[in-house]
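Written below as structure tokens is the structure these notes are about.
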Amino acid sequence: MKKFAINQERCDHSPKCLVRRECPAKAVQEVDGSYYIDMGSCRGCGLCVGVCPRGTVEESQS
């Protein structure tokens, strides 16, 4: 299964985050104003990669 991560340097930390709103597994979590993908909830569908207008979601190498 593919795993994904949010590049914190490119993320604008918008309260209207499209990645968080569109994730079918609700795997995107907000912690202290930053967004992270919870690997325990992520289904590996990759929808998040195409949703972010800033291209912040990347396939994780770990």
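None of the figures in this text is laboratory data; all of them are computed from the coordinates on show. Bear in mind the structure is a predicted one, so any value in this text is a computation, not a measurement. Cβ placement follows ideal geometry from the backbone for every residue including glycine, while neighbour counts extend to all protein chains displayed.
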Selection from S34, T56, L18, by position along the positive dipole direction of the chain (Cβ): L18
Lys, Arg +1 and Asp, Glu -1 on Cβ, resulting dipole of the chain about Cα centre, debye, nearest 20: 240 debye
